[in-house]
Each structure stands twice: as structure tokens, then as C-alpha cells.
Amino acid sequence: MKDHTPDAPANPWLPVTLRLAGARVLVVGGGEVAARKVRLLLKAAPCIEVVALALNAELTALVEQGLIAKRDAVFDATQVQGCRLVIAATDDREFNRRVAAAADAANVPVNVVDDPAPSSFITPSLVERAPLWVAVSSGGAAPVLVRRLRERIESLLPAGYGHLAAFMERHRPRVKALAVEHRRALWEQFLDGQGAERLLAGDEAAAAVELARLIQGEPARGEVYLVGAGPGDPDLLTFRALRLMQQADVVLFDRLVSPAIMELVRRDAERIFVGKKRNQHTVPQEEINSELVRLAKAGKRVLRLKGGDPFIFGRGGEEIAELSAQGIAFQVVPGITAASGCAAYAGIPLTHRDCAQSCVFVTGHARADGTLNLHWDQLARRGQTVVFYMGVVTLPRVCTELMRHGLPADWPIALVEDGTQPTQRVMIGTLADLPSKVAAAAPSGASLIIVGEVVKLREKLGWFQPTSAT
Ligand SMILES: C[S@@+](CC[C@H](N)C(=O)[O-])C[C@H]1O[C@@H](n2cnc3c(N)ncnc32)[C@H](O)[C@@H]1O
């Protein structure tokens, strides 16, 4: 049997949340450490008194603003009487311990900063999304681990969760009218569906409408998430993209969405490939549009996952125009576009004070009849970077036109294949020789072309080492 002797508990610290409204809190100390504690306490305690010979600038300002009170210069044991908490935060360890002894004698919980032995409480590491708090504590055993955990939780919790919690608190009375067994299911439906998403997107009125529908017993409505998955490296996803990927019921994805990113989509979500490869339009755009509408109307949370950014050569605008016309809720999550991702991982800044004051994104995709009608005179300019998406096939034409419109034959140009991914390849050359180098290397992955003097900077700034480059 386990030893449960009262003097040897597995963990002597129990996290609790304490009501500080209307209670006095005493802080002894007037320096940076005391100020740090006061900053935290101010989030919950309206009545803070400080005892210190001198206050630092921050505490002085708080006293002047009437947010805290300076009680006395010198500590004495009677000051702890009637307090709900005492914090000893001077830089004198022995003095702090005397403060702790006085608080203990008066049965007032006391914390000695950075000294757990004489403390009767310690403050956990906190993630704040008021009124929501997440507290992490190891009881002083592993503070660095606790900090790591706190950082991870911080990155997982959307910034809007505070609004969400406050909304739920405000609407609790409406939901209380329902039978107990239905309340929890209703809130779960709200959190999993359009209601919570509307609120996180800042539309409180739409969230309230959705809640009202659920209270009436109407089924949850579907929504489309148009999400940019970035250029391939899963580390480049946004927090919001990841959250929506993990709650979708069905995902429609492109060829450009890397397998490593698809790994992060909710395991049991239905997967529909609607990818397009050059000259192979697997699923016509109109069909994708109507499939999105059909699935959302069936009440599904539909993830439309696209490579890069949905609004940059991604036809995202057409897809949501159809959704909007059909009255279907949607949200758009930007992604890192191929130009930014490829440039960063190839060590080629897109702008540079000395050689490129502007940057243009252009499509190099030829029309069905083979023509590529671009404003060549505007593209063939010094002092700018031009990025061609979908330009591998037309690369020889691009180089010829740029030279014909005034750029020199030795003007720098690069092709980045599978940018940001373990298979990334970067080919560097000039307008005169890159087409033959590329023809020899025969890239088969997604490839982006960067034209301009910034390409030369790669020599010094290249940093990414693909793991399986040839
Ligand atoms: C239809 S466009 C989609 C662009 C995407 N919406 C974006 O913002 O990056 C497809 C083109 O993007 C470029 N591309 C996308 N991902 C790439 C990557 N990882 N490496 C190189 N080029 C990429 C290629 O030029 C490809 O032909």
C-alpha cells in the first residue's frame, strides 16, 4: 500500500484561485522585485498596500495614480493584521523571513519571493486570457520546465479566448433555462462550431445569433475555413491555421500542401484531394466552389487548405465569392506566400536598401494559346525585384523579354524549387544562362523565379541546409 503519512505528501503545494476583491494585500519592499509582484497582483487585487523605505519609479507612479497605497516606511508585525495575503519582496533575505514569521503568527498566507521555505504560498507561472487563467506550478521543483510549459500553453491559446470566456459568462443565464443534461452539450456544440469561431473572429453579434439557434434546438451550421498553409515547412503555419486544421470535419487540399502539413490535420477528418498540377486541372474550379458550398450546407466545418497564401495566385477570392453569394459563413487565414518563404530559405532578401526598393509578384503562367502578355517595360527595371510564380515553363521567354526590354544579359536570377522543404534546390544564374542550367537540372517540384540584384546576396546570406538536396 502507498504511504500516505500526512507529513510526506507527494506535492505539498495545491493550486487554488483566491478572491482578492475587497481584500487587503500587503507588499513589503519597494524595488524591482516588489514592483513585479505588484504588477501581477493588480490584475486581481484592488487594494494593495506597500511598506518600504523607498519606492522605485514604477511603484511611485502607481501610488501617484492612486492604484496602490504607500502604507508605512518601516515594517512592523501589526501591519499584517487583517490582510488576505502578505508578500515579502525586499532584497534582505533575513528581513523577509521576519516578515514571513509575523504573517504566519497571524495566520495570514505569506510568500517570500524566491524563498519557498518560509512561504506558505507560492505564485504559479500564469497564462492570462482574463477572465481565464492557466496556472502552471512545479512547487518550486523545476522553474525552467515550468517556464517552457507556460510558453507552449501561451502559443496554443488563441488571444481571443478571454473574450470567449467573458461571452460564455454573460450568456450563462440564457443557457441555464435549459435542462442540466443539455447545457454541457450545447456549450460543446457552440465551442466546436461557428459560434466560437465567429467570436474569435471578433463578430460577437453573429456568435450570439448562433448561440440562440442552438438554444432553439436548431442544428449547428457549417462554415468554411480558407486557410493558407504556407510554402511547405509545417513550422511556418500560423497558430490559427493549426487550430482550424485540428477541428475541421473535412479538408479539401491542393497538390502544393506538403505531406508534412497534411499530417497535422485532424486524424479523422475526411480528406478530398482537389490538386492541380501544371496543365492537369484535376478538379475544375467551379466544382471545388460548389463542393465547398454543399459540404458547408450539410453542417460541416470545411477546411479549404491552400499552398502559400490563399489570396496570392490562389483563387481564394473566387471561392469565397461563391460562399458569400450563398450566405455561407467563412473565414480567411493568411499564409506565408511562396515568395516570402522561398526568399527567406534561399537567403535572398526581396528588398534591400542598396539594390531593390520595390518588389513585384507576377504570374509566369502562359495563357492556353501559349501567350504571356506582361508589362515587360515595367518589369525590366533596375532597383526592383521581380518574383515569377508558375514560371518554369516560360522561363526562357521571361529571360529573353527582360533582356529585350533593357536588362543586361548578366542580370542575376534564381530559381527556387520546393522552397522551405527538405528537398529545396536553388539554381543561380544570369538572364543569359539560367534557362539552360534549369533545363539540365529539370526541376519537377513547385518552382519560383526571383529576378534582381538581391540574388547576389545569397552568397553571404544562404543559411538553410536542405536535408535531401541533390
Ligand atoms: C497557383 S500558385 C499558388 C501560390 C500560393 N498561393 C502562394 O501564395 O504561394 C503556385 C505557384 O506558387 C509557387 N510555389 C508555391 N509553393 C512553392 C514552393 N514551396 N517552392 C517554390 N515555389 C512555390 C510556384 O511558382 C507554383 O507554381
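Rule-based calculations on the coordinates, nothing more; no lab input. Given the structure is predicted, the values throughout are model-derived calculations rather than measurements. FYI the Cβ positions are ideal-geometry reconstructions off the backbone, even for glycines, and counts take in every protein chain you see.
Within region 234-267, whose backbone N sits under 20 Å from a point 7 Å along Cα→Cβ of Thr423? The answer is 234-237, 253-265, whose backbone nitrogens lie closer than 20 Å to the label point. For the chain, the longest principal axis of the alpha carbon atoms and the long axis of helix 180-192 meet at an angle near 40°. Within region 222-336, DSSP assigns beta bridges of which about 15% are antiparallel (rounded to the nearest 5).
Between Val283 and Ala205, the simple spin-label model (points 7 angstrom out along Cα→Cβ) gives 3.4 nm.
Take the Cβ atoms of Arg147 and Phe239, set R0 to 22 Å, and the FRET efficiency comes out at 0.70. Relative to its Kirkwood radius, the Cα radius of gyration of region 1-147 gives an Rg/Rh of 0.98.
Which of the GluC sites (Glu not before Pro) found in region 170-276 are in a DSSP loop and have at most 10 neighbouring Cβ atoms, other than their own, within 10 Å? Loop-located and lightly packed - Glu263. Here the simple spin-label model places points 7 Å from the Cα toward Cβ, and for Val63 and Thr371 these points are separated by 8.0 nm. Between the helical axis of 316-325 and the dominant principal axis of the chain, each derived from Cα atoms, what acute angle in degrees is found, rounded to the nearest 10? The two axes meet at around 70 degrees. Summing +1 for each Lys or Arg and -1 for each Asp or Glu among the other residues whose beta-carbon sits under 15 angstrom from that of Gly406 gives -1.
For region 24-123, the dipole from Cβ point charges (+1 on Lys and Arg, -1 on Asp and Glu) about the Cα centre works out to 320 debye, to the nearest 20. Expressed in Å, the radius of gyration and Dmax of the Cα atoms of the chain are 30.2, 91. Among the lysines of the chain, pairs that are 8 or more positions apart or on different chains and have alpha carbons within less than 28 Å of each other number 13. With coordinates expressed along the principal axes, the C-alpha atoms belonging to region 343-461 extend over 39, 32, 22 Å, beginning with the largest. For Arg172 and Ala23, the difference between the fully extended length at 0.36 nm per residue and the C-alpha to C-alpha distance is 50.9 nm. The value obtained for region 222-336, namely the Cα convex hull volume divided by the number of residues, is 86 Å³ per residue.
Each Lys or Arg adds one and each Asp or Glu takes one away; over the other residues whose Cβ falls under 10 Å from the Cβ of Ala207, this sums to -3.
Once the Cα-Cα distance is subtracted from the 0.36 nm per residue extended length, the Leu14 to Lys70 segment shows a gain of 17.0 nm.
Angle of helix 93-105 to the longest C-alpha principal axis of the chain, folded into 0 to 90 degrees and rounded to 10: 60°. Placing +1 on each Lys and Arg Cβ and -1 on each Asp and Glu Cβ, with no other charges, gives region 343-461 a dipole about its Cα centre of roughly 120 debye.
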